[in-house]
Amino acid sequence: MRSILLFCGYFILLQGVCRAQPFVLPKLAYGYGEYAPYIDAQTMEIHLTKHHQAYVNNLNKAVKGSPFEALSLEALLTSEKALQVEAIRNNAGGHYNHTLFWEILAPKAQQSILTEPLAQRIMATFGSMDSLKKELSKAAMSRFGSGWAWLILSPDSKLIVASTPNQDNPIMPLVSERGIPILGIDVWEHAYYLNYQNRRADYFNAVWELINWGVVSKKFQEAKENKLLIEKQPSTHKKRNR
Ligand code: MN3
């Protein structure tokens, strides 16, 4: 069975005959229960295996047989044409956003620390970690309905706190503040309702404790090298208000 799948992967894929679903659910680096008490095990499990899995499944369905089938996740998210398909916009965004979210979270004991040069940039831009937390919290709290709060590196290399609705994200050409996200906080109710009900501020303060700043520092370095935004400068494309 395994060899058949490998065969499909390497050969038949080229003919478009035996294409396995291209996007797959990532694995968490830690057990569901290890994020407690900040995020409970049941929330982690449902969030990954139900919500994120649904974005992956629906994305695979949306691209199948479409002109966008061969595109990578980043290529989909920066294609104005692909993003006109609502199912691609929502589910490619959902897959990208959640993948980043899982990467930057870690149980306290497993976290690595903030390193230069991100530490210096945060100080220069926000003054202190506490001020950054306040700005991110404001972005998370003022996002009406569902969405995300972000720390992004803009095309002109500025560190910016931003927010997007639904599953939009900052690499999409249709958002008002573009950049490469190095930290994202999910503020959909499904991220916190079981444990925090409607208390988004309590959830924000809890999830802040899970941020693995060593990983965010690494993402900052990678973002500087990312050519995505330079290659895909916003065009005259009419922004959709959502
Ligand atoms: Mn979510």
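The values are calculated or read from the model by the stated rules, or taken from the named source; none is laboratory data. From a predicted model like this one, the values you see are computed outputs, not experimental measurements. Counting neighbours? That spans all protein chains shown, and the Cβs are built from the backbone with ideal geometry, glycine included.
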Taking the criterion of being out of contact with any Phe, Trp or Tyr (no Cβ under 9 Å at 6 or more places or on another chain), surrounded by 19 or more Cβ atoms within 10 Å (Cβ to Cβ), farther than 17 Å from Ser146 by Cα and modelled with pLDDT under 95, would at least one residue in segment 216-232 satisfy it? yes
Any idea which of (1) closer than 20 Å to Ser146 by Cα; (2) in contact with a His (Cβ under 9 Å, 6 or more places away or on another chain) is the one Tyr96 doesn't satisfy? (2)
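Do any strands (runs of 3 or more DSSP E) entirely within segment 99-209 hold 2 or more residues that are farther than 30 Å from Ile88 by Cα, and if so, which?
It comes to none.
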Checking Ala87, Ala41, Ala70 in turn, the sole residue that is under 21 Å from Asp202 (Cα atoms) and surrounded by fewer than 18 Cβ atoms within 10 Å (Cβ to Cβ) turns out to be Ala41
Confirm whether Gly94 is on the phi > 0 side of the Ramachandran plot and either part of a helix (DSSP H, G or I) or free of Cβ contacts under 8 Å to residues at least 24 places away in the same chain (or both). no
Going through segment 47-105 one residue at a time, which ones are closer than 27 Å to Val215 by Cβ, charged (D, E, K, R) and more than 12 Å from the ligand (Cβ to nearest atom)? Glu74, Arg89, Glu103
Considering only segment 189-201, state which residues are more than 16 Å from the ligand (Cβ to nearest atom) and either surrounded by 14 or more Cβ atoms within 10 Å (Cβ to Cβ) or of a type in the set (Lys, Arg) (or both). Arg199
Go through (1) without any contact (Cβ under 8 Å) to a residue 40 or more places away in the chain; (2) aromatic (Phe, Trp, Tyr); (3) crowded, with 17+ Cβ neighbours inside 10 Å and name the single condition Phe204 misses. (1)
